[in-house]
Amino acid sequence: MLTVFEKAVGKPPEELRVPSNVVEKAKTREEILEIFQSSCPESTVYHLSNGSFMALSQDNESVQPHPRCIVVLDDVFCIFIGTLENTSDLRRHYGLPRQATEAMVVVEAYKVLRDRAPYPPDQVIKDLQGKFAFVLFDARTDTLFAARDRDGSVELHWGMAGDGSLVCSHNLDIIIEACGKFCSPFPPGCIFTSGSGLMSFVHPMHKVRAIRLEDDNGQVRGVTFQVDLYTRIPSIPRTGSASNWADITLVEEENNIHP
C-alpha cells in the first residue's frame with residue numbers, strides 16, 4: 001500500500017521534514033510512484049487531483065500477515081489493511097448489507113461523521129475492534145483521514161516527500177526509499193485528518209507530540225510521535241453544525257488554545 005498526497009491536501013506534520021543538516025534527498029511524487037510500480041507491477045493506482053495518488057498491490061498477498069483491499073464509494077477512496085472483529089455489529093449499526101467489507105464499513109463511518117454526526121471522530125474509531133490500518137480520501141472535500149489500531153498490530157509508516165507531500169505506506173522499505181531515513185511509524189491508537197492534524201483516539205484529551213531522535217553525536221536522525229499523558233488538553237465546548245466536521249480545528253492544536 002502506498003498513498004501520496006500533495007502538501008495542500010496532506011498537510012503533513014512539519015516534524016516529518018528532513019532537517020537541512022541531514023544529507024538525504026527525499027523523492028518527488030513522480031519518482032515515488034515509479035519506485036512502487038517497479039517493485040509492484042501488478043498494483044492498482046488511483047490518480048487523484050493535483051498529482052496525489054493511492055496505490056495498492058496484491059503481489060504476494062498469500063504471504064502477507066494481513067488482508068488488504070481498496071474501495072471507492074461516492075468519491076471516497078479507502079485502502080484498508082487488516083481485519084475487524086466486530087464487522088457484523090458495525091454492519092447492523094450502519095445499516096449495511098452482509099456483503100459489506102471492512103473498508104466499506106470504514107467509508108460509511110466516515111460519511112456519518114462528515115454528514116450528520118454531532119460527535120468527534122475519536123468516538124467512532126473507538127468502535128472499530130481488531131487489527132487494522134487505513135487511509136481514506138474524500139475527493140469531494142479534499143479530506144484525508146488515516147488511522148491505526150491501538151496496539152499497532154498493522155504496519156503503517158509515514159514521511160514527507162521532497163516537495164512536501166505526505167507519504168504513507170505499510171512497507172518501511174518504500175517509505176525509506178521515498179523519504180529517506182527521516183520517517184516515522186504512524187503512532188498506534190491515533191488518527192490523522194488534513195483538517196485537524198494528529199490526535200489519539202485512545203487518549204483524545206492528551207496531546208500527541210513529536211520527539212526528535214538523535215545519534216551519539218547529537219545529530220537529529222529521525223522522529224517519533226507519542227501521546228503526552230502528562231499534559232491534558234483543556235476541554236472546549238463544541239458549537240455550531242457538525243455537517244463539515246473535517247474543517248473543525250480540534251483542541252489538540254495547542255497553538256490555537258488561549259487560557
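The values are calculated or read from the model by the stated rules, or taken from the named source; none is laboratory data. A quick note: this is a predicted structure, and the numbers were derived from the prediction, not measured. Neighbour counts are summed over all protein chains in view; Cβ atoms, including those assigned to glycine, are modelled from backbone coordinates with ideal geometry. For accessibility, only protein heavy atoms count, side chains too; no ligands or nucleic acids. Shrake-Rupley method; radii C 1.70, N 1.55, O 1.52, S 1.80 Å.
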If you scan segment 141-162, which residues turn out to be of a type outside the set (Phe, Trp, Tyr) and part of a strand (DSSP E or B)?
Thr143, Leu144, Ala146, Ala147, Arg148, His157, Gly159, Met160
Condition set modelled with pLDDT of 85 or more and among the acidic types (Asp, Glu), scope segment 18-41, selection nearest to Gln219 (Cα to Cα): answer is Glu31
Top-ranked residue of segment 192-227 - restricted to ones that are touching a Lys or Arg at 6+ places or on another chain (Cβ under 8 Å), closer than 17 Å to Asp122 by Cα and part of a strand (DSSP E or B), ranked as most open to solvent (accessible area, probe 1.4 Å)
Gln226
Counting only residues in segment 171-221 that are among the charged types (D, E, K, R) and free of Cβ contacts under 8 Å to residues at least 12 places away in the same chain, the one nearest to Gly130 (Cα to Cα) is identified as Asp173
Can you tell me which residue in segment 111-129 is modelled with the highest pLDDT, limited to those that are in contact with a Leu (Cβ under 9 Å, 6 or more places away or on another chain) and over 22 Å from Phe225 (Cβ atoms)?
Gln129
I'd like to verify a number: residues in segment 127-159 that are of a type outside the set (S, T, N, Q), over 24 Å from Thr87 (Cβ atoms) and more than 13 Å from the chain's Cα centre (by Cα), how many?
3
Looking only at segment 53-93, and only at residues there that are modelled with pLDDT of 95 or more and among the small types (Gly, Ala, Ser), the one that is surrounded by the fewest Cβ atoms within 10 Å (Cβ to Cβ):
Ser88
